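See structure below.
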Amino acid sequence: MQFDLNRITRKNIQLLKPYSSARDEFSGEAKVFLDANENSLGSPLTKWYNRYPDPHHVQLRNKIAAIKGIAPEHIFLGNGSDECIDLLFRCFSEPGKSNTIICPPTYGMYQVSANINDVAIQEAPLLPDYQLNLAHIEQLVNADTRIIWICSPNNPTGNQISLDDIETVLNNFSGLVVVDEAYINFARRRSLIFLLTDYPNLVILQTLSKAWGLAGLRIGMAFASMAIVEIMNKVKPPYNISEPAQELAIKALDEVGQVNDMISELVEMRKGMAAEFRLMPWVEAVYPSEANFILVKMNQARQMYEFLLEKGIVVRDRSQVALCENCLRITIGTEQENTILVDAMYTWFEQ
Ligand SMILES: *Cc1c(COP(=O)(O)O)cnc(C)c1O
């Protein structure tokens, strides 16, 4: 079956007449703005922020477009990728009817968002090498399957998913394939944005929360066809990204060089930390990572997790997650934080 965006777009969303904000109805130059019930007197802040932000994020999208080499019409901006994930379900899945396919172990929000939107979850667990199980995915797809989620580099395993496999899914599935590239800046293979011209059913998610160091701003990006972006824009809350977040992101995006330096430093430390972990006699496996964290399998992972907590060090306990048994997911920190962690781990061993 051919991909048909109309087929998978919820009827009420197709028919939706979007909210028209004051900023939509008048967007030209004017001296006096008395159309949005803002407070013209100002606010307690030095910089006022008394006006509503640009609902279309024009400046920010143009900036991202220039960096990513893609037209701004192909970019949707959300309040974090988490909002993009939720919107994709809301636009393209019928509550109580549609189903979605996830490939665990993977990012937890796909499941939570599906649950919130009453979309049934079908699981095609990754293979032992953490690649897609294509046969299982094919077996699960039915007429009500709307979205397949692929996270690459995958959280919490850290590996990239084979490009051939992703293209196989794109070619054989007539719903949306969402590739979550939250960690793409730390990976060897570049973004799949270049595939958008070939696949109208591809949606790529990225975020400013990881490599860009701006988790507190809440800015997520979806790259897709103009038609998909248009539908998501229709459904999003009009002012989903605050004025300070837009301003600060625009400023930060001028500093690509600085961010690239941080990425190099983190990738270098990732190499060092992987080597450190491999030396530890109680470590059973250090999984190759293309992200800013490492999945480490060890004896008594849960006990190690609790021991570290007592020392004030928090890592992510994935030891109860299928295919991640006895694993901790450890983020690469500063040089100093990494040393504190490694020293603490040896203290546990020696006690
Ligand atoms: C961290 C992360 C995100 C980021 O979500 P934001 O809402 O943009 O902060 C998205 N996907 C994955 C797989 C992640 O690990």
Output for segment 169-192, where each listed residue is more than 16 Å from the ligand (Cβ to nearest atom), closer than 23 Å to ASN260 by Cβ and not in a loop (DSSP other than H, G, I, E, B)
none
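If you scan segment 62-89, which residues turn out to be within 16 Å of the ligand (Cβ to nearest atom) and either open to solvent by 80 Å² or more (accessible area, probe 1.4 Å) or of a type in the set (D, E, K, R) (or both)? Give the steps one after another, and end with the answer.
Here is the first cut: in segment 62-89, the residues within 16 Å of the ligand (Cβ to nearest atom) are 64, 68, 75-89.
Those that are within 16 Å of the ligand (Cβ to nearest atom) and either open to solvent by 80 Å² or more (accessible area, probe 1.4 Å) or of a type in the set (D, E, K, R) (or both): LYS68, ASP82, GLU83, ASP86.
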Does ILE121 fit the bill of being assigned by TED's automatic domain parsing to the domain that holds LEU192 and either touching a residue at least 24 places away in the same chain (Cβ under 8 Å) or in a helix (DSSP H, G or I) (or both)?
no
For the structure I just gave you, tell me whether SER242 is over 25 Å from GLY175 (Cβ atoms), touching a Lys or Arg at 6+ places or on another chain (Cβ under 9 Å) and within 16 Å of the ligand (Cβ to nearest atom).
yes
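Can we say LEU309 is free of Cβ contacts under 8 Å to residues at least 40 places away in the same chain, over 23 Å from PRO128 (Cβ atoms), open to solvent by 50 Å² or more (accessible area, probe 1.4 Å) and in the same structural domain as THR106 (by TED's automatic domain parsing)? Show your work before the answer.
Details: free of Cβ contacts under 8 Å to residues at least 40 places away in the same chain: yes; over 23 Å from PRO128 (Cβ atoms): yes; open to solvent by 50 Å² or more (accessible area, probe 1.4 Å): yes; in the same structural domain as THR106 (by TED's automatic domain parsing): no.
The answer is no for LEU309.
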Being within 16 Å of the ligand (Cβ to nearest atom), part of a strand (DSSP E or B) and not acidic (Asp, Glu): is that true of ILE147 here?
yes
Kindly list the number of the only condition in (1) within 16 Å of the ligand (Cβ to nearest atom); (2) of a type outside the set (Ser, Thr, Tyr); (3) surrounded by fewer than 18 Cβ atoms within 10 Å (Cβ to Cβ); (4) closer than 18 Å to PRO72 by Cα that fails for LEU248.
(4)
Residue pairs qualifying under the 8 Å Cβ cut-off, at least six apart or on distinct chains, with the first in segment 249-273 being under 20 Å from VAL296 (Cα atoms) and touching a residue at least 12 places away in the same chain (Cβ under 8 Å) and the second being part of a helix (DSSP H, G or I) and of a type outside the set (Phe, Trp, Tyr), are MET269/GLU335; MET269/ASN338; GLY272/ASN338; MET273/ASN338; MET273/VAL342
Total residues in segment 1-57, condition out of contact with any Pro (no Cβ under 9 Å at 6 or more places or on another chain), basic (Lys, Arg) and open to solvent by less than 80 Å² (accessible area, probe 1.4 Å):
1
For segment 322-336, name all the residues that are buried (at least 17 other Cβ atoms within 10 Å of the Cβ) and of a type in the set (A, V, I, L, M).
LEU328, ILE330, ILE332
Expected single match for under 29 Å from LEU195 (Cβ atoms), in the same structural domain as ARG51 (by TED's automatic domain parsing), within 16 Å of the ligand (Cβ to nearest atom) and under 21 Å from the mean Cα position of the chain (by Cα) among ILE263, ILE219 is ILE219
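The values are calculated or read from the model by the stated rules, or taken from the named source; none is laboratory data. Not measured: the values here are computed from a predicted model. All Cβ positions, glycine included, derive from the backbone under ideal geometry; neighbour counts span all protein chains shown. Ligands, DNA and RNA are stripped out before the accessible areas are found, and what is left, the full protein with its side chains, is counted by its heavy atoms. Shrake-Rupley method; radii C 1.70, N 1.55, O 1.52, S 1.80 Å.
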